[in-house]
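Take a look at the structure below.
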Amino acid sequence: MKKDIILAGVGGQGILSIASIIGVAAVNLGLFVKQAEVHGMSQRGGDVQSHLRLSSKEIFSDLIPYGKADMIISVEPMESLRYLPYLSKDGWIITNVKPFVNITNYPPIENVIKEVEAQHHHISLDADRIARESGSLKSANMVILGAASPFVDIAYEKLEEAIRFVFGRKGDDVVNVNLKALKAGRDIADQNK
């Protein structure tokens, strides 16, 4: 098993929480994990990305080479496009369609979504709306993770266990809303595979 994932978004959207959950699930399965984080001006809404590499064999580099990512998981649509050079020809993009407009020259969202949908394998969803319906707008990242979950090669139940572990100290309500958001995202992916 080998999976190279680019996680992308804007500071405060929970990119590193997605990385933690996948990482915990992978370690619990006995997989090797390497993660490299790049933070922009995350405190001010800057871009945040993480390279996440999972394998059943030892991993020697933290960084994913251009053209080798199996997946881009993004909580912000334009950020998903920023990392297209990393995506393999058979790779997947899973992204939110709701923009975080943090720059004055943000392109028209229709153009951004059109470019995402031009990719061979993609799932685009309104994670903000789904998260709100699940009980918390803050769980949009878990909606995106749920939509990516069929392609991560980690059993869904292991991702649920990792959510319980990562968010457990915040209480049952936080755990449950994140599990609900994960399931809602997974349901969207199952309808669009």
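The values are calculated or read from the model by the stated rules, or taken from the named source; none is laboratory data. Here the structure is a predicted model, which is why all the values come from computation and not from measurement. Counting neighbours? That spans all protein chains shown, and the Cβs are built from the backbone with ideal geometry, glycine included. Areas reflect the complete protein model, heavy atoms only, side chains present, ligands, DNA and RNA absent. Shrake-Rupley method; radii C 1.70, N 1.55, O 1.52, S 1.80 Å.
What to note about this one:
- For region 1-39, filtered to residues that are touching an Asp or Glu at 6+ places or on another chain (Cβ under 9 Å), at pLDDT below 95 and polar (S, T, N, Q), the residue that is farthest from GLU58 (Cα to Cα) is GLN13.
- Residues of region 49-107 that are under 19 Å from HIS122 (Cα atoms) and assigned to a loop (DSSP other than H, G, I, E, B): TYR66, GLY67, LYS68, VAL75, GLU76, TYR83, VAL97, LYS98, PRO99.
- Residues in region 1-13 that are open to solvent by 20 Å² or more (accessible area, probe 1.4 Å) and assigned to a loop (DSSP other than H, G, I, E, B): MET1, GLY12, GLN13.
- For region 40-47, the criterion of a residue being buried (at least 21 other Cβ atoms within 10 Å of the Cβ) and at pLDDT below 95 is satisfied by at least one position.
- Verdict on LEU125 being open to solvent by 80 Å² or more (accessible area, probe 1.4 Å), closer than 18 Å to ALA181 by Cβ and in contact with a helix residue (DSSP H, G or I) (Cβ under 8 Å, 6 or more places away or on another chain): no
- Pair list, Cβ under 7 Å, 6 or more apart: region 157-186 residue touching a residue at least 40 places away in the same chain (Cβ under 8 Å) and open to solvent by 90 Å² or more (accessible area, probe 1.4 Å), other residue among the charged types (D, E, K, R) and assigned to a loop (DSSP other than H, G, I, E, B): none
- Any hit, region 141-154, residues being touching a strand residue (DSSP E or B) at 6+ places or on another chain (Cβ under 7 Å), assigned to a loop (DSSP other than H, G, I, E, B) and within 18 Å of ALA26 (Cα to Cα): yes
- Candidate set from region 136-154 (those that are surrounded by fewer than 18 Cβ atoms within 10 Å (Cβ to Cβ) and under 16 Å from the mean Cα position of the chain (by Cα)); member that is nearest to PHE32 (Cα to Cα): ASP153
- Test: ALA189 is buried (at least 21 other Cβ atoms within 10 Å of the Cβ), in a helix (DSSP H, G or I), in contact (Cβ under 8 Å) with a residue 24 or more places away in the chain and hydrophobic (A, V, I, L, M, F, W, C): no
- Set VAL101, VAL97, VAL112: member being farther than 19 Å from GLN35 by Cα, without any contact (Cβ under 8 Å) to a residue 40 or more places away in the chain and in contact with a Ser or Thr (Cβ under 8 Å, 6 or more places away or on another chain): VAL97
- TYR86 being touching a strand residue (DSSP E or B) at 6+ places or on another chain (Cβ under 7 Å), modelled with pLDDT of 95 or more, among the aromatic types (Phe, Trp, Tyr) and more than 17 Å from PRO150 (Cα to Cα): yes
- Yes/no for VAL166 being of a type outside the set (D, E, K, R), part of a helix (DSSP H, G or I), within 23 Å of GLY67 (Cβ to Cβ) and under 16 Å from the mean Cα position of the chain (by Cα): no
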